[in-house]
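As structure tokens, the structure follows; a few thoughts come after it.
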Amino acid sequence: MMSRISGDLGGRRKRQEVLLGSSLNEGLFPRKTRAIPQVVRMASPSPSTSSLVCESFSWTAAFISFKLWMVTILRARLGLELDMEPEYPGGRGWKRLRKALFAASNLIRVNRHFSEWLHAVRVSSWLKRYNSRMKSLYHGIPIFLVVLVVGLTCMGQAARAQAAAPSGEAQALVKQGQKLNNEGKQDEALKLYQQALEKSPNSYEAHLESGVALDLKGDYAAAREHLKKAIDVAPADQKNRAVRVMAFSYAFEGNSAEAEKYEKQVFDALLAKTDFEAAAGVANELARIKLESDDIDGAAKWYKTGYDTAMRKTDMKDADKNLWAFRWAHAQARMAARRGQTAEAQKQVAAAKAALDKANNPDQAPFFPYLTGYVAFYSGDYKTAITDLEQANQEDPFILVLLAQSYEKAGDAARAREYYGKVMANNGHGPTNAFARPLARKKLAGG
């Protein structure tokens, strides 16, 4: 299933879309979303607001710099005429002109005044007064330099943003590559991404998708070279997304410590925007990476952080409070099961069921058999695990790998291999596949 991403995670619930294959119980999905996406997709990045403003300012700065310089020269040569000409409406022309230059509504009027002043000047007096007025020339230099530097800086930023956007031909190659990647043809997709990079070396999409395909192939070091470049050239509204994809790359290797460095950047950025629900979703996402990388204490820390952060939202409705209570109990049950605390796990399963009933959210229902199946698997009850997990989302590669392991533990090697094969048929790039795909590849290779 394909899904588009809205860009920056900082948007409110109505702007959030499905995010890179994360699980609903981690808090990153809209409450009415049923399926988990299996592939990463993104429209070509549009220029950010800051880039557009800066580019506009650069041209305005260039115009004003030219005007300031010319007026300064005119003042040096024609100062007496401008300041003392009684026929000129308003008098004290230089002071009025200086004000006019910084009033957008007066820019057109400045051009007319230039013509009036030039006609009012007695050309014969220019050379006579030139030497005595040259010192005034330097009064406008600081203003000119400041405006020029800011304008050039903005032009540079606009140029970098433009360089990160792929050409039309490169973008078409990336889209073709995404289709091939979705079909499991990572090598063919990578060839197209390379062609796109030859045409647009700083293409954010081409670098990001190259990293995704290489992760799916298991070439993690090469993937991160592309993902680092994607982070460097990402438009401002895509930066968080690129950083999270890097975290997922480390999750493919079970390296939760490195994944944490990147997820925390996104968490802190969202917290700074007081987008508590989105920040809580990222915290839960990191907690799940920790849990499935066998760092249970780290998972407990981040699940608690996620729940506490969500509760900081002051206008949260009761249904959403119950939804977060379900997620929190869901997480505690899984952590208890991983610690071998069966009684505590069952207690939290009951708490999750009560919260789910209060939330009255049928779209969350498939996540309950995932929970009971997970707890049964880590409690050694493989028959129950199979029964429950088969009622969960069969498009989620993590559910599929749990089923494969359950069949393997139950002694059904054929069914186990079947489910490992289903995992490898999934070409999504997110936490769920990061946990499942490396194990499935190893098992199918005879490991």
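No value in this document is a laboratory result; all are computed from the given coordinates. On a predicted model such as this, the values are computed, not experimentally measured, just so you know. Neighbour counts are summed over all protein chains in view; Cβ atoms, including those assigned to glycine, are modelled from backbone coordinates with ideal geometry.
Pairs Lys290/Lys358; Lys347/Lys422; Lys313/Lys353; Lys175/Lys264: which exceed 27 Å Cα-Cα?
Among Lys290/Lys358; Lys347/Lys422; Lys313/Lys353; Lys175/Lys264, the Cα-Cα distance tops 27 Å for Lys290/Lys358; Lys347/Lys422; Lys175/Lys264.
Using a/c under 1.5 as the rounded threshold, could you call the stretch 166-233 rounded, prolate or oblate? The axes a ≥ b ≥ c are square roots of the C-alpha gyration tensor eigenvalues, and prolate needs a/b larger than b/c, oblate otherwise.
Numbers: a/c = 2.15, a/b = 1.09, b/c = 1.97.
Oblate, since a/c reaches 1.5 and b/c is not below a/b.
HN-Hα J couplings of the stretch 394-400 from phi, Karplus 6.51/-1.76/1.60, θ = phi - 60°, integer Hz, Gly and Pro as x?
Per residue, the Karplus-derived 3J(HN,Hα) values read 7, 9, 7, x, 5, 4, 5 Hz.
FRET efficiency for Arg441 and Lys383, Cβ-Cβ distance as r, R0 = 25 Å, nearest 0.05?
Working: r = 27 Å, r/R0 = 1.07.
Once rounded, the FRET efficiency stands at 0.40.
Which distance in Å, rounded to a whole number, links the C-alpha centroids of the stretch 182-215 and the stretch 306-338?
38 Å
In whole percent, what relative contact order does the stretch 274-418 give with Cα contacts below 8 Å and a gap of six or more residues?
Worked out over the stretch 274-418, it gives 15 percent.
Shape of the stretch 231-328 from its Cα gyration tensor (a ≥ b ≥ c, root eigenvalues): rounded if a/c is under 1.5, otherwise prolate when a/b > b/c, or oblate?
Verdict is oblate for the stretch 231-328.
Give, in nm to one decimal, the length gained when the segment between Gln176 and Thr314 is fully stretched (0.36 nm per residue of separation minus the Cα-Cα distance).
45.2 nm
With a point put 7 Å past each Cα toward its Cβ, work out how far Ala257 is from Lys217 in nm, to one decimal.
Those two pseudo-labels are separated by 2.9 nm.
Please state the shape class of the stretch 195-277: rounded when a/c is under 1.5, otherwise prolate if a/b exceeds b/c and oblate if not, all from the C-alpha gyration tensor.
Judged from the Cα gyration tensor, the stretch 195-277 comes out oblate (a/c at least 1.5, b/c at or above a/b).
Taking the number of other C-beta atoms within 10 Å as the exposure measure, put Tyr420, Tyr378 in order starting with the fewest.
Ranking Tyr420, Tyr378 by Cβ neighbours within 10 Å, fewest first, gives Tyr378, Tyr420.
Mark the label point 7 Å from the Cα of Arg339 along Cα→Cβ and return the residues of the stretch 349-370 whose backbone N is within less than 14 Å of it.
349
Might you report the magnitude of the Cβ-based charge dipole of the stretch 166-233 about its Cα centre, with Lys and Arg at +1 and Asp and Glu at -1, to the nearest 20 debye?
Charge dipole, the stretch 166-233, about its Cα centre: 40 debye, nearest 20.
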